[in-house]
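Engineer: Shown below is the structure under consideration.
The values are calculated or read from the model by the stated rules, or taken from the named source; none is laboratory data. As the structure is a prediction and not an experimental result, all values here were calculated from the model. Virtual Cβ from ideal backbone geometry, glycine too; neighbours counted across all protein chains shown.
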Amino acid sequence: MTRRPLAAALLLLRLAPAAAAAAELPPQADAADATPALATVTVMGHYANGVGSSDAASAGIVTARLIESRPALRTGELLEFVPGVIVTQHSGDGKANQYFLRGFNLDHGTDFASFVDGMPVNAPTHAHGQGYADLNFLIPELVQRIDYRKGPYDAEAGDFASAGSARMQLINTLPRGIAVNSAGERGYARALLADSTGTGPGQLLYAFETAHNNGPWVVPERAHHASGLLRYSWGHDAWHGSVTAMAYDAGWHATDQIPLRAVQAGLIGRYGAISPSDGGSTARTSLSLRTERQYDDGVFKLDAWAIRSRVDLFNDFTYFLDNPVQGDQFEQAEQRRTFGAAASRSLATTLGGREGTATFGAQLRQDRLDPVGLYAAVDGVRQAPTQVARVRETSVAAYADHAMPWTPWLRSLLGLRVDRFRFDVDSSIARNSGQASQALASPKATLVLGPWSRTEAFLNYGWGYHSNDARGVTSHLSAKELTPTDPAPGLVRSKGAELGLRSEIVPGLQSSLALWQLDLDSELVFSGDAGDTQPSGATHRQGVEFNNHCVASRWLLLDADVSLSQARFRIPQGDAPNIGTAVPGSVRQVLSLGATVTDLGPWSGHVGLRFFGPRPLIEDNSRQSRSSSLVYLRLGYRLAPSARLSLDVFNVFNRQVSDIDYWYTSRLPGEPAAGVNDVHFHPAEPRTLRLTLNLVL
């Protein structure tokens with residue numbers, strides 16, 4: 001932590017007693033002042049981010065009504081409800097999305113942990129990318145809430161949670177069944193049927209969804225998927241639980257990022273493809289248990305899960321650079337089984353005559369990949385293997401934290417997490433087989449000051465980590481060139497700090513301000529595209545976030561979120577000495593504005609603006625992506641008490657912007673053997689209309 005946050009924290013601690021004395025009210029007035037404030041702003045359909053609701057200014061809760069009111073082009077855009085998060089795509093929509101947050105291009109999920117009903121979504125040692133987080137199996141209508149945190153300050157969150165985490169909780173029951181039918185341009189269609197019924201002592205929830213989309217691409221995407229859910233829940237306030245089975249299957253053709261020069265020369269159109277046989281398929285089934293028991297002195301929680309998944313991807317990003325005759329297409333495939341459990345017990349404690357809460361937790365996870373492989377491919381047909389491996393990756397963790405209110409205006413939360421990983425790799429390249437293990441301890445600390453005048457301040461500090469691909473941890477030869485390489489560390493340390501402020505001093509308005517910084521010892525990651533570990537140096541990130549959620553009236557909700565950040569390598573990176581310190585792909589400015597109308601007579605709707613600022617594409621910052629601004633719109637009308645019609649319009653002004661940009665070398669037919677450095681981009685979809693009929697059964 002740098003001196004500036006420390007100095008600010010010391011200043012807050014010095015001023016706190018004086019501020020408390022200045023703001024002191026009679027006991028009756030103080031109690032009356034605290035409770036109605038939450039009632040003023042806690043409105044169904046908005047963020048539940050009131051004063052006293054969390055231990056950090058950057059943490060919060062997204063409610064189901066808000067999710068329901070906003071349109072989403074893709075399922076993964078559920079995470080855009082987390083302020084400051086941008087969700088895009090560089091390939092077919094059946095693939096995991098690209099995520100951006102706090103100066104990170106998180107790729108497909110590294111450094112942002114996602115959970116669904118306690119089940120981890122991020123996949124370590126994935127065929128395509130470390131921490132791969134595919135949320136396409138989710139049915140948005142069944143998401144009850146999203147609990148989000150940023151920074152490595154939470155003892156419960158471990159791998160991939162350095163930038164933040166999101167925990168999505170599913171509903172147990174529906175008041176009445178629902179049927180959703182959507183149709184749109186370019187072959188889009190979606191149908192959902194869901195209902196719940198009393199069965200024995202509990203409730204049975206079931207849902208089935210199917211969808212198809214071609215998209216604007218010259219090579220039709222033909223993306224199709226089917227999802228199903230069966231959930232049995234039981235219990236009451238003192239003890240409740242659920243058992244959930246989920247299944248998902250999808251396939252698609254993909255138009256990956258394309259070289260700018262090919263479009264400018266007229267070789268292909270904006271929505272054209274260089275490699276028309278790219279695409280993929282995936283499937284996922286899971287069975288999970290959740291239970292919670294309330295005791296007189298605390299709470300016991302248990303999550304357990306078993307997941308079976310497969311992924312098969314065909315991509316070609318460099319075209320004819322490595323193989324000028326057949327092309328550079330490759331296949332990434334894996335079959336995975338994941339087993340895990342997480343348990344915690346909270347206990348009431350007494351320290352110095354003051355009552356606090358201690359929580360103790362343990363977590364276990366094992367991923368069994370048999371196999372995970374990288375292969376050469378031609379026109380969507382597998383050729384020779386580059387590297388195929390059987391992997392067993394096991395992690396165990398124990399954590400504890402203690403929350404204590406020391407005074408009416410000061411409370412603390414101290415935590416410690418210990419993780420141990422074991423990597424076991426059996427590779428087709430004998431020298432890349434082996435075993436390794438590593439452990440890390442991660443302390444956490446939080447101080448919360450206030451509230452005074454419905455305003456509280458936060459100081460958060462914590463250590464975290466992310467794991468590296470097991471194949472990189474035991475690697476001694478690069479997969480393609482078979483040249484010597486050094487093994488990567490299994491776990492990479494991160495350290496974060498944050499100063500925050502949250503206020504409800506204006507009735508109906510929740511505002512939060514966070515000044516943060518995050519250091520990573522290395523951004524070393526395993527590249528599934530190359531089959532080996534690509535080194536990247538230690539980084540420093542810092543930024544500011546300002547989030548505002550306003551209940552302007554009974555029917556109007558307003559949101560304004562601003563995120564500014566900067567990412568730098570601590571030591572210049574690049575092919576030449578001192579080429580630069582910019583982190584390629586690191587987002588600097590994110591702006592989100594929204595207005596939601598709920599139940600204005602038969603009308604409802606939403607209009608939103610998402611600004612995605614320019615990003616450096618190379619370490620010396622000589623190449624940058626362009627910024628993008630997209631406006632989306634929903635207009636809804638209640639036809640009858642049980643029927644609602646809505647029109648969604650994405651990219652309202654038909655802006656020709658990019659979902660993502662890269663700078664690298666590729667080769668088209670007739671170009672020099674060494675290839676050409678160029679911007680490679682995936683265009684945002686043009687203006688798109690979708691019509692949805694929601695029926696209550």
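Engineer: Taking only segment 118-136 into account, find how many residues are under 20 Å from residue 303 (Cα atoms) and either surrounded by fewer than 24 Cβ atoms within 10 Å (Cβ to Cβ) or out of contact with any helix residue (DSSP H, G or I) (no Cβ under 8 Å at 6 or more places or on another chain) (or both).
Structural biologist: The qualifying residues number 8.
Engineer: For segment 553-583, which residues satisfy the criterion of being farther than 18 Å from residue 518 by Cα, surrounded by fewer than 17 Cβ atoms within 10 Å (Cβ to Cβ) and either polar (S, T, N, Q) or in contact with a Phe, Trp or Tyr (Cβ under 7 Å, 6 or more places away or on another chain) (or both)?
Structural biologist: 553, 578
Engineer: Right, another one. Applying the selection to segment 386-401, what residues are surrounded by 18 or more Cβ atoms within 10 Å (Cβ to Cβ) and of a type outside the set (Val, Ile, Thr)?
Structural biologist: 387, 389, 393, 395, 397, 399, 401
Engineer: When segment 532-562 is examined, which residues are found to be hydroxyl-bearing (Ser, Thr, Tyr) and farther than 30 Å from residue 472 by Cβ?
Structural biologist: 553 - this is the single residue of segment 532-562 that is hydroxyl-bearing (Ser, Thr, Tyr) and farther than 30 Å from residue 472 by Cβ.
Engineer: Counting residues that are more than 21 Å from residue 142 (Cβ to Cβ), which strands (runs of 3 or more DSSP E) fully inside segment 162-280 reach at least 2?
Structural biologist: Correct list: 178-184, 239-253.
Engineer: Here is a follow-up. Residues 626, 610: which one is part of a strand (DSSP E or B), in contact (Cβ under 8 Å) with a residue 12 or more places away in the chain and not small (Gly, Ala, Ser)?
Structural biologist: 610 is the lone residue from the list that is part of a strand (DSSP E or B), in contact (Cβ under 8 Å) with a residue 12 or more places away in the chain and not small (Gly, Ala, Ser).
Engineer: Determine whether residue 111 is under 11 Å from the mean Cα position of the chain (by Cα), farther than 28 Å from residue 177 by Cα and buried (at least 22 other Cβ atoms within 10 Å of the Cβ).
Structural biologist: yes
Engineer: Find the residue count for segment 393-451, including only residues that are within 14 Å of residue 489 (Cα to Cα), among the hydrophobic types (A, V, I, L, M, F, W, C) and under 24 Å from the mean Cα position of the chain (by Cα).
Structural biologist: Final tally of qualifying residues: 2.
Engineer: Within the bounds of segment 482-491, is there any residue that is of a type in the set (Val, Ile, Thr), surrounded by 17 or more Cβ atoms within 10 Å (Cβ to Cβ) and in contact (Cβ under 8 Å) with a residue 24 or more places away in the chain?
Structural biologist: Yes, the conditions are met somewhere in segment 482-491.
Engineer: Could you list, in sequence order, all residues of segment 185-206 that are touching an Asp or Glu at 6+ places or on another chain (Cβ under 8 Å) and either of a type in the set (D, E, K, R) or touching a residue at least 24 places away in the same chain (Cβ under 8 Å) (or both)?
Structural biologist: Across segment 185-206, the qualifying residues are 190, 192, 194, 205, 206.
Engineer: For residue 325, indicate whether it is farther than 26 Å from residue 676 by Cβ and among the hydrophobic types (A, V, I, L, M, F, W, C).
Structural biologist: no
Let's see how each residue does on (1) surrounded by fewer than 24 Cβ atoms within 10 Å (Cβ to Cβ); (2) not in a strand (DSSP E or B):
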{"site": "444", "(1), (2)": "no, no"}
{"site": "449", "(1), (2)": "yes, no"}
{"site": "457", "(1), (2)": "no, no"}
{"site": "460", "(1), (2)": "no, no"}
{"site": "472", "(1), (2)": "no, yes"}
{"site": "480", "(1), (2)": "yes, yes"}
{"site": "498", "(1), (2)": "no, no"}
{"site": "506", "(1), (2)": "yes, yes"}
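Engineer: Another question, then. Of the residues that make up segment 292-311, is at least one in contact with a strand residue (DSSP E or B) (Cβ under 7 Å, 6 or more places away or on another chain), of a type outside the set (D, E, K, R) and closer than 24 Å to residue 88 by Cβ?
Structural biologist: yes
Engineer: It is to be established whether one or more residues within segment 47-61 are in a helix (DSSP H, G or I) and modelled with pLDDT of 50 or more.
Structural biologist: no
Engineer: Going by the conditions given, is residue 340 touching a residue at least 60 places away in the same chain (Cβ under 8 Å) and closer than 30 Å to residue 401 by Cα?
Structural biologist: Yes: the conditions hold for residue 340.
Engineer: Name every residue in segment 357-378 that is closer than 20 Å to residue 398 by Cβ and surrounded by 18 or more Cβ atoms within 10 Å (Cβ to Cβ), in order of residue number.
Structural biologist: Within segment 357-378, 359, 361, 363, 365, 367 meet the criteria.
Engineer: Can we say residue 317 is within 19 Å of residue 381 (Cα to Cα), modelled with pLDDT under 95 and buried (at least 16 other Cβ atoms within 10 Å of the Cβ)?
Structural biologist: It is true that residue 317 is within 19 Å of residue 381 (Cα to Cα), modelled with pLDDT under 95 and buried (at least 16 other Cβ atoms within 10 Å of the Cβ).
The rows are residues; the columns are (1) under 17 Å from the mean Cα position of the chain (by Cα); (2) at pLDDT 95 or above; (3) of a type outside the set (Gly, Ala, Ser); (4) closer than 16 Å to residue 62 by Cβ.
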{"position": "91", "(1), (2), (3), (4)": "no, no, no, no"}
{"position": "105", "(1), (2), (3), (4)": "yes, no, yes, no"}
{"position": "141", "(1), (2), (3), (4)": "no, yes, yes, yes"}
{"position": "152", "(1), (2), (3), (4)": "yes, yes, yes, no"}
{"position": "187", "(1), (2), (3), (4)": "no, yes, no, no"}
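Engineer: Name the residue, out of 297, 249, 303, 195, that is under 22 Å from the mean Cα position of the chain (by Cα), surrounded by fewer than 20 Cβ atoms within 10 Å (Cβ to Cβ) and on the phi < 0 side of the Ramachandran plot.
Structural biologist: Step by step, each of 297, 249, 303, 195 is checked, and only 249 is under 22 Å from the mean Cα position of the chain (by Cα), surrounded by fewer than 20 Cβ atoms within 10 Å (Cβ to Cβ) and on the phi < 0 side of the Ramachandran plot.
Engineer: So, of the residues in segment 198-214 that are hydroxyl-bearing (Ser, Thr, Tyr) and modelled with pLDDT of 95 or more, which turns out to be nearest to the chain's Cα centre (by Cα)?
Structural biologist: Residue satisfying both the conditions and the ranking: 210.
Engineer: Under 6 Å between Cβ atoms, at least 6 apart or on separate chains: pull out the pairs that start in segment 92-112 with a residue that is assigned to a loop (DSSP other than H, G, I, E, B) and end on any residue that is surrounded by fewer than 24 Cβ atoms within 10 Å (Cβ to Cβ) and acidic (Asp, Glu).
Structural biologist: Hits for this filter: 92/221.
Engineer: Now for a different question. Kindly indicate the residue of segment 268-294 that is within 25 Å of residue 331 (Cβ to Cβ) and of a type in the set (A, V, I, L, M, F, W, C) and also surrounded by the fewest Cβ atoms within 10 Å (Cβ to Cβ) among those meeting that condition.
Structural biologist: 268
Engineer: If I ask for residues that are outside any strand (DSSP E or B), small (Gly, Ala, Ser) and at pLDDT 95 or above, which ones from segment 335-391 would you list?
Structural biologist: 380
Engineer: Right, here's the next one. Any residue at all in segment 286-305 that's outside any strand (DSSP E or B) and under 26 Å from residue 371 (Cβ atoms)?
Structural biologist: no
Engineer: Consider residue 432 carefully, then state whether it is surrounded by 20 or more Cβ atoms within 10 Å (Cβ to Cβ), in contact with a His (Cβ under 9 Å, 6 or more places away or on another chain) and modelled with pLDDT of 95 or more.
Structural biologist: Answer is yes for this residue.
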